[in-house]
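Before any comments, here is the structure.
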Amino acid sequence: MTSDPYDVIAIGCGPFNLGLAALAHGLDEVNLAVLDSRPEFTWHRGLMFDDAMLQVSFLADLVSLVEPAHPLSFLSYLRDNDRLYQFYVREKFHPTRREYEAYLRWCAAQLESLHFGHHVAAVVWDGDAFALTVERPGSTEVFRARHLVLGVGTEPAVPAALAGLPEERFLHSADYLFRREDLLCAGRVTVVGSGQSGAECALDLLRANVAGGPGVSWLTRTPSFTPLDYSKLVLEMTTPSYVDYFHALGEPTRDRLVKEQWRHYKGISSETLEDIHDVLYQRDLGNSAVAPIELQVGVAVEAAVARPDGIELTLRHTDSGRTFQHVTDAVVAATGYRNRPLPFLSAIDPLVRRDAAGRWVINRDHSVGTHDALTGRLFVSNADLHSHGVAAPDLGIGAIRNATILNSVAGRELFRLPKSTAFTSFALPG
């Protein structure tokens, strides 16, 4: 057991907790450790297409929107790898996802506070600190911390209608590149879902179709293949100014707004939609016989059954209400993600306050509302969509959220946060 507790232990090492470690690097006031069960840092490997672009500017790195001169900024990474001038001449401020992961791994390699291969099995409050039972290969240790930050991320979500399909014919889009060669051997592949991940999988399959690959069906329950709303003033809804406004609203209003604002983070980039249309257009000019393709909007999957000759989906056409059958050889479920379960927090759960819908109450500083018996604070990263709005999953809020957490832990302003972040006013005047 460690003797003196850490000030903060962050559980999970995705981009948000990696950013927390980056900002805390070199601070004397905060002694921090990040624990992750994986053997090393990786990010979205199953969707790491060569040309896939990040949907935010390079300024949405781990630190720049708080400390633009920080040694772990994206520009510092470019300079360290002798790529700064090439990036300047490129004149595209959105990096590829592949380069962004390389940047994240570059940061991770420089942070001694990261501990991979450390699985948190249980957490209890011992009256003075959080005690974490941590399993490592061949040993079990106890770590103690005054405060915790949860950043365990999400896991692939599969709707009940698709659950139970045989693994050899079914996968989530998160594993697409790991299974791509198997899919290209199928006669017909169906992609269900039309977020960015679904669009990128469909685009890759359509390109393969033109080259003699399988038939492709792309199905969505939405009325159209909808683009992300990334217009400038709409983007101000991902700023701290809007987060302040959103958090102060009543719970029913926040819930209504989250449902209405899905296009801000669940749509498809306009560039990807253009690429898909270009492939379809060029495909029509070809003379060689290719397998059929189908793009269908406004259909919901109601059931799925594995047959000897493939998978039969029962689809409901939402406008007419009628059902019909769709047969395919393989299904790619681009059906999003859900928050991971937290079984290691079962002893802490009774001390947490919940809202009317049973979700954790999240304070403005991203700490969880708890009962008086728990004097240490529990913070969350990207588990606060219901309390902080559409900015929650956005990489551009990560540095601000982490600086807010570190300021709160230290009890003073370690980092100066921006006071004005939007031209738009959201609240009533005065």
**OP:** Could you tell me whether any residue of segment 333-349 is under 30 Å from residue 208 (Cα atoms) and of a type in the set (A, V, I, L, M)?
**Re:** yes
Original post:
Can you pull out the residues in segment 144-194 that are assigned to a strand (DSSP E or B) and hydrophobic (A, V, I, L, M, F, W, C)?
Top reply: 145, 148, 149, 150, 170, 171, 189, 191, 192
Original post:
Does residue 334 satisfy the condition of being among the aliphatic types (A, V, I, L, M) and in contact with a Cys (Cβ under 7 Å, 6 or more places away or on another chain)?
Top reply: yes
Subject >> Flag if residue 341 is in a loop (DSSP other than H, G, I, E, B), loosely packed, with under 14 Cβ neighbours inside 10 Å and either at pLDDT below 95 or touching a helix residue (DSSP H, G or I) at 6+ places or on another chain (Cβ under 6 Å) (or both) >> reply: yes
**OP:** Scan segment 199-211 and give yes if some residue there is farther than 19 Å from residue 329 by Cα, part of a loop (DSSP other than H, G, I, E, B) and within 18 Å of the chain's Cα centre (by Cα), otherwise no.
**Re:** no
**OP:** Determine the pairs where a residue that is touching a residue at least 40 places away in the same chain (Cβ under 8 Å), located within segment 381-393, has a partner that is assigned to a helix (DSSP H, G or I) and hydroxyl-bearing (Ser, Thr, Tyr) with Cβ atoms under 6 Å apart, the partner being 6 or more residues away or on another chain.
**Re:** 391/238
Original post:
Taking the stated definitions as given, is residue 130 touching a residue at least 60 places away in the same chain (Cβ under 8 Å) and surrounded by fewer than 18 Cβ atoms within 10 Å (Cβ to Cβ)?
Top reply: no
**OP:** Could you run through segment 44-73 and say how many residues are in a loop (DSSP other than H, G, I, E, B), in contact with a helix residue (DSSP H, G or I) (Cβ under 8 Å, 6 or more places away or on another chain) and open to solvent by 30 Å² or more (accessible area, probe 1.4 Å)?
**Re:** 7
**OP:** Take segment 74-115 and flag every residue that is over 26 Å from residue 31 (Cα atoms), among the polar types (S, T, N, Q) and in a helix (DSSP H, G or I).
**Re:** 86
Subject >> Scan of segment 13-40 for residues that are within 18 Å of the chain's Cα centre (by Cα) and open to solvent by less than 10 Å² (accessible area, probe 1.4 Å), ordered by number >> reply: 13, 17, 18, 19, 20
Original post:
Can you name the residue in segment 381-424 that is part of a helix (DSSP H, G or I), of a type in the set (Val, Ile, Thr) and modelled with pLDDT of 95 or more and is also surrounded by the fewest Cβ atoms within 10 Å (Cβ to Cβ) among such residues?
Top reply: 400
**OP:** For residue 224, state whether it is under 26 Å from residue 60 (Cα atoms) and open to solvent by 20 Å² or more (accessible area, probe 1.4 Å).
**Re:** no
**OP:** Hey, can you tell me all the residues within segment 346-380 that are open to solvent by 10 Å² or more (accessible area, probe 1.4 Å) and hydroxyl-bearing (Ser, Thr, Tyr)?
**Re:** 346, 370, 375
Original post:
Within segment 140-163, which residues are touching a residue at least 40 places away in the same chain (Cβ under 8 Å), over 22 Å from the mean Cα position of the chain (by Cα) and either open to solvent by 60 Å² or more (accessible area, probe 1.4 Å) or within 30 Å of residue 410 (Cα to Cα) (or both)?
Top reply: 141, 142, 143, 144, 145, 146, 147
Subject >> Residue ID - surrounded by the fewest Cβ atoms within 10 Å (Cβ to Cβ), chosen from residues in segment 258-302 that are of a type in the set (D, E, K, R) and farther than 26 Å from residue 320 by Cα >> reply: 284
Subject >> Residue tally, condition under 15 Å from residue 365 (Cα atoms), of a type in the set (D, E, K, R) and touching a Ser or Thr at 6+ places or on another chain (Cβ under 7 Å), over segment 390-430 >> reply: 1
**OP:** Return yes or no: is residue 18 under 30 Å from residue 178 (Cα atoms) and part of a helix (DSSP H, G or I)?
**Re:** yes
Original post:
So residue 241 fits all but one of (1) open to solvent by 10 Å² or more (accessible area, probe 1.4 Å); (2) more than 30 Å from residue 417 (Cβ to Cβ); (3) polar (S, T, N, Q); what number is the exception?
Top reply: (2)
Original post:
Is at least one residue of segment 102-117 crowded, with 19+ Cβ neighbours inside 10 Å and either more than 27 Å from residue 48 (Cβ to Cβ) or free of Cβ contacts under 8 Å to residues at least 60 places away in the same chain (or both)?
Top reply: yes
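The values are calculated or read from the model by the stated rules, or taken from the named source; none is laboratory data. Quantities reported herein were computed from a predicted structural model and do not represent experimental measurements. So basically every Cβ, Gly included, is an ideal-geometry build from the backbone, and we count neighbours across all protein chains shown. For accessibility, only protein heavy atoms count, side chains too; no ligands or nucleic acids. Shrake-Rupley method; radii C 1.70, N 1.55, O 1.52, S 1.80 Å.
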